[in-house]
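J.: Here it is, the structure, as structure tokens.
Each value in this text was obtained by applying a stated rule to the coordinates, not by laboratory testing. These numbers were taken from a predicted model, which means no experiment stands behind them. Here the Cβ positions follow ideal geometry from the backbone for every residue, glycine too, while neighbour counts run over all protein chains shown.
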Amino acid sequence: MWRNMLKQESEHQWIAIAGFFVFVLIGAIFIKGTSHLPGVDLIDNELGDEYRIMDSKYTDEDNFYMHTYTENGYQYIAVNEGEIDVLIDSNSIIDTSSFSGISLMDNGSIVIANGETNAYVITNSIVSNFTVNFGIDSFSVSQIEQSNDDNERYLMITKENDNLQGIRGLNTSGITSSSTPNNENVRWQNIAHVSNGKWIVTGTYNTPVTSGDESPAAPEIKPAWATILWDGGHTAPMVENIKIGLFGDYHSIVKLNHDNIIIAGSHETILLNHKSGDVTNIDYSSIAAFSDKCNSAWLFNGKDSNSVLRFEGTMWDFEELPHDIPIDIEAAGFDGNTIHLHGIDENGNSKTLTFDTSAIGSIESGSGFINLAFIIVSSIMFSIMAVNILDKFRKK
């Protein structure tokens with residue numbers, strides 16, 4: 001029966017079938033050609049070529065803070081709808097060159113800890129002291145992070161009066177906790193609050209000379225992370241556990257969803273379920289990482305890399321870039337829609353590489369448009385074929 005049906009087909013339908021297969025081949029070529037990540041653009045930075053951006057914190061697309069360096073020295077700048085306001089310059093009594101911990105609070109204010117006994121808060125472009133010591137102990141603060149579920153509760157990395165590092169809790173209503181002794185040979189650097197009473201800290205581990213594995217003149221430095229428990233009060237935060245990595249350092253702690261966080265490093269990436277304690281090691285090095293919404297995150301490698309690691313939930317994939325990253329990345333920020341990577345190009349110019357996080361998979365992207373066109377045309381052609389076959393069956 002089928003042989004007889006095919007013999008009775010007109011040559012026009014064979015031409016249509018041949019045209020369909022040509023369309024499939026051409027579509028496949030175009031889809032492959034547009035499979036790179038859309039929404040990527042290299043632009044001059046928001047402040048101008050004379051500014052080298054060392055840190056950026058965005059409250060939204062039009063309002064942000066930046067730690068910058070120019071020929072006049074370090075400055076801390078606020079930008080409000082295009083208007084630049086220098087908040088702290090190189091002549092200020094505040095040493096802007098030593099800023100080590102800059103955190104964005106839930107109300108859009110900025111807290112700065114730069115190794116001094118006081119921290120500073122910037123609210124509506126006004127700089128004021130931020131009290132961190134409600135006790136009689138002597139210490140300075142190098143990093144401070146706000147709790148996600150209690151806006152008066154903070155965790156701090158401190159330098160104690162014995163020149164050793166510690167971890168303290170802070171409640172702005174009047175409590176500064178005792179210090180957690182640092183007996184683990186770790187220099188803590190970053191903090192993130194992940195759930196009620198639980199925090200994650202990262203740092204670098206110095207292998208003790210007494211271990212016999214390292215030269216006293218050049219001890220090996222490894223990355224480290226730990227879970228810290230502190231839910232308020234005068235009691236010192238407790239180190240629940242500590243894990244030592246192999247190489248490099250951990251530069252970012254990214255909250256992926258209620259259960260999982262990403263610890264991103266220059267040698268490896270860790271996906272941690274902080275509730276169950278499950279750890280997944282991912283072989284990907286990066287220098288910047290962001291969560292653009294719940295269950296979604298981006299990790300970026302350095303100059304000349306041609307892909308980014310993108311998380312959707314606990315699954316991840318590599319997204320191909322339209323071109324290699326052309327800058328040495330020195331700072332990064334996220335304004336709620338666009339990721340900004342600030343750095344220096346091969347000619348020494350200050351540039352910004354932007355990633356529109358809403359563009360991937362959208363109809364505006366080339367791949368999205370071609371995919372949609374392919375689906376529509378394919379559906380039409382298959383529908384026509386089905387109608388012709390049904391007509392043949394009726395005639396038979």
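J.: Give the residue from Ala224, His234, Ile253 lying farthest towards the positive end of the charge dipole for the stretch 131-266; charges sit on Cβ (+1 for Lys and Arg, -1 for Asp and Glu) and the dipole is referred to the Cα centre.
T.: So the residue we want is Ile253.
J.: Okay, moving on. Percentage of Cα-Cα pair distances in the stretch 100-207 greater than 25 Å, rounded to whole percent? Display every interim value, and only then the final one.
T.: Details: 857 of 5778 pairs.
Taking all Cα-Cα pairs of the stretch 100-207, the fraction more than 25 Å apart is 15 percent.
J.: Please list, or write none, the aspartates and glutamates whose alpha carbon is within less than 12 Å of the alpha carbon of Lys293, excluding same-chain residues fewer than 8 places away.
T.: Reachable aspartates and glutamates: Glu312, Asp335.
J.: What list of ³J(HN,Hα) values in whole Hz, one per residue of the stretch 271-276 in order, does the Karplus curve 6.51 cos²θ - 1.76 cosθ + 1.60 (θ = phi - 60°) give from phi, with Gly and Pro shown as x?
T.: Along the stretch 271-276, the couplings run 9, 10, 8, 6, 8, 8 Hz.
J.: For Asp335, list long-range residues whose amide hydrogen, built 1.01 Å from N in the peptide plane, is under 5 Å from its own amide hydrogen.
T.: His340
J.: Might you report the magnitude of the Cβ-based charge dipole of the stretch 127-253 about its Cα centre, with Lys and Arg at +1 and Asp and Glu at -1, to the nearest 20 debye? Mind dumping the intermediate values first?
T.: Details: 7 positive and 14 negative charges, 19 e Å.
Result for the stretch 127-253 is approximately 80 debye, rounded to the nearest 20.
J.: Further, regarding this structure: Sort 233-242, 158-167 by packing, meaning the average of other beta carbons within 10 Å per residue, with the highest value first.
T.: Answer by packing, highest mean first, reads 158-167, 233-242.
J.: Separate question: Give, rounded to the nearest 20 debye, the magnitude of the charge dipole that the stretch 78-202 has about its Cα centre when Lys and Arg contribute +1 at Cβ and Asp and Glu contribute -1 at Cβ.
T.: Dipole size: approximately 400 debye.
J.: For the stretch 64-113, what percent of Cα pairs sit more than 15 Å apart?
T.: 46 percent
J.: Next up: Going toward the positive end of the dipole of the stretch 39-96, with +1 on Lys and Arg Cβ and -1 on Asp and Glu Cβ, which of Tyr76, Asn91, Tyr65 do you reach last?
T.: Value computed over the given set: Asn91.
J.: Step by step: find N for the stretch 161-305, compute 2.2 N^0.38 Å, then divide the Cα radius of gyration by it. What's the final number?
T.: For the stretch 161-305, the normalised Cα radius of gyration is 1.12.
J.: Now for a different question. Report, in whole Å, the centroid distance computed from the Cα atoms of the stretch 338-352 and the stretch 104-156.
T.: Taking the Cα centre of each part, the stretch 338-352 and the stretch 104-156 sit 29 Å apart.
J.: What value in Å³ per residue do you get for the convex hull of the alpha-carbon atoms in the stretch 229-339?
T.: 138 Å³
J.: For the stretch 289-302, take each phi angle, set θ = phi - 60°, evaluate the Karplus expression 6.51 cos²θ - 1.76 cosθ + 1.60, and give the result in whole Hz per residue in order, putting x for glycine and proline.
T.: 8, 8, 9, 8, 6, 4, 6, 9, 8, 10, 10, 10, 8, x
J.: A further question on this structure: List the aspartates and glutamates whose Cα sits under 14 Å from the Cα of Lys275, skipping any in the same chain fewer than 8 residues away.
T.: List returned: Glu240, Asp259.
J.: Then there is this: Find the percent of Cα-Cα distances in the stretch 298-358 that exceed 18 Å, and round it to a whole number.
T.: On the way: 637 of 1830 pairs.
Value for the stretch 298-358 (Cα pairs over 18 Å): 35 percent.
J.: Another question, then. Projecting each Cα onto the charge dipole of the stretch 131-197 (Lys/Arg +1, Asp/Glu -1 at the beta carbon, about the Cα centre), which of Thr131, Gln165, Leu155 comes out farthest on the positive side?
T.: Final value for the positive-end residue is Gln165.
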